[in-house]
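Step one of this worksheet: look at the structure below.
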Amino acid sequence: MADTIKCPRCAANVYFDAASQMVTCGFCGKEFTPAEILHEVDDDKIFENVEQEETEAPSEPKFKRNAVEWEKKQFVCNSCGATMVTDANTSTTYCVFCGSPAIIGERFVGKFEPEFMIPFKIDRTKATSLFFKWCNGGLMTPLNFVSPKNVARMKGLYVPFWIFGVKGDIDIRGTGKTVDTRSGAYEDTRTVYLYDVTRRMSVSWKGMPFDGVSRIDNDLMDAILPYNYDEMVEFSPIYLPGFFSEKYDVESDKLEKRALNQARKYATQIFLDTTKEYDESSISNDLSEFKTDDCFYALLPVWFLSYKYLGKTYEFAINGQTGEVAGEMPQSVVKKVLISSGVMAAVAIAVKIVVSLILGGFFG
Ligand SMILES: [Zn+2]
Ligand SMILES: [Zn+2]
């Protein structure tokens, strides 16, 4: 059974509104603060009678993109009783028949229960204008890329992340080099000084996030970091309706190596940053040791849009909290030709019309 959260006043579906940070009723329009609605609807009760799904996360993460065979599962909408089909990892979606938000409780219990989450702060309107800013109003992209139909496909997804803490001792030896040049009457004297440099210190890093979804590109996620953890709240289904969510399919121990590698990169940077008094420095021996000392499961908000152009898929993502934007955009072959023949002005006007249709005429 898929759950929905109902308005305490009229029992219609409610949605979390990222712009106002309020839970809003789709029927009577009443707005509730998350605290108010939690008072009315005990969120512990939402998943009270839900049993964990039998399916285990795959033991071998399939990092190869598009190679994952999606297992489909059926759920019954508790608003209209229709049967809907979801991917194996989808945990919040919409009923395709009645449009109700559908939270699949089985995917939030047991080991799939997130500890924390950051609620969406960027709503669809803001995400759409960030998209247009990023692609320069679609000036060089295929016209379809900025069409209302394509932009409407942008999807707000709570992505499952494993958030690591790493502790350790930095012990890096190397060489610092300074060069002293003195001008003489006949020739310059150049003296090179070499110093042994050792940097040792205890370090502890918190909040290193890695996504637990094998089909999502790691580089794309890295590019929209960081998140501001000050706004992290305890997980609650109250923030889900109106967005999509997934459960992880990559276990935390599969990501430990990436966390330790990241720590090693930070350590190298510390060595370089603390040896700036030399003209040059290099590492000869790195005996640093690190271990993960903490790991928790959280849902973080991301807006996604993918687009297929000439057989290639282009991915775009926005940090749903900070608005940080990343992705690769398709370049229109037609527009490139037009630019060289000097008729680009007409195309620019056409693009502008499409964009202002979507943004309601406010795009300058
Ligand atoms: Zn209502
Ligand atoms: Zn339904």
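When we screen K64, K121, K45 for residues that are of a type in the set (K, R), part of a loop (DSSP other than H, G, I, E, B), open to solvent by 30 Å² or more (accessible area, probe 1.4 Å) and at pLDDT below 70, the only hit is K64. Look through segment 221-244, keep the residues that are hydroxyl-bearing (S, T, Y), more than 12 Å from the chain's Cα centre (by Cα) and open to solvent by less than 70 Å² (accessible area, probe 1.4 Å), and return whichever of them is farthest from K167 (Cα to Cα). Among them, the one singled out is Y239. Scanning segment 232-240 turns up no residue that is free of Cβ contacts under 8 Å to residues at least 40 places away in the same chain and either at positive phi or outside any strand (DSSP E or B) (or both).
Is it fair to say V76 is in contact (Cβ under 8 Å) with a residue 60 or more places away in the chain and of a type in the set (A, V, I, L, M)? Against the criterion (in contact (Cβ under 8 Å) with a residue 60 or more places away in the chain and of a type in the set (A, V, I, L, M)), V76 qualifies. Within segment 8-40, being within 16 Å of ligand 2 (Cβ to nearest atom) and within 26 Å of E106 (Cβ to Cβ) holds for A11, A12, N13, V14, Y15, G26. From the list E324, E277, E328, the one residue that fits, being open to solvent by 80 Å² or more (accessible area, probe 1.4 Å) and at pLDDT 95 or above, is E324. Residues of segment 205-215 that are open to solvent by 50 Å² or more (accessible area, probe 1.4 Å) and either under 10 Å from the mean Cα position of the chain (by Cα) or within 20 Å of Y266 (Cα to Cα) (or both): K206 alone. Report, by residue number, each residue of segment 306-321 that is assigned to a strand (DSSP E or B) and either aromatic (F, W, Y) or modelled with pLDDT under 95 (or both). Those that are assigned to a strand (DSSP E or B) and either aromatic (F, W, Y) or modelled with pLDDT under 95 (or both): S306, Y307, K308, Y309, K312, T313, Y314, E315, F316. The conditions of being open to solvent by 50 Å² or more (accessible area, probe 1.4 Å) and within 16 Å of the chain's Cα centre (by Cα) are not met by N218. Of all residues in segment 88-111, those satisfying the criterion of being more than 16 Å from ligand 2 (Cβ to nearest atom), touching an Asp or Glu at 6+ places or on another chain (Cβ under 8 Å) and open to solvent by less than 10 Å² (accessible area, probe 1.4 Å) are S91, R107.
Selection of segment 263-297 for residues being farther than 30 Å from V233 by Cβ and hydrophobic (A, V, I, L, M, F, W, C) yields A267, I270, F271, L272, I283, L287. Against the test of being part of a strand (DSSP E or B), open to solvent by less than 70 Å² (accessible area, probe 1.4 Å), more than 30 Å from F244 (Cα to Cα) and touching a residue at least 40 places away in the same chain (Cβ under 8 Å), the options T191, T175 yield a single qualifying residue, T175. Of all residues in segment 21-32, those satisfying the criterion of being open to solvent by 50 Å² or more (accessible area, probe 1.4 Å) and either farther than 16 Å from R124 by Cβ or within 16 Å of ligand 1 (Cβ to nearest atom) (or both) are G26, F27, K30, E31.
The values are calculated or read from the model by the stated rules, or taken from the named source; none is laboratory data. In this text, all values refer to a predicted model and were calculated from it rather than measured experimentally. All Cβ positions, glycine included, derive from the backbone under ideal geometry; neighbour counts span all protein chains shown. Ligands, DNA and RNA are stripped out before the accessible areas are found, and what is left, the full protein with its side chains, is counted by its heavy atoms. Shrake-Rupley method; radii C 1.70, N 1.55, O 1.52, S 1.80 Å.
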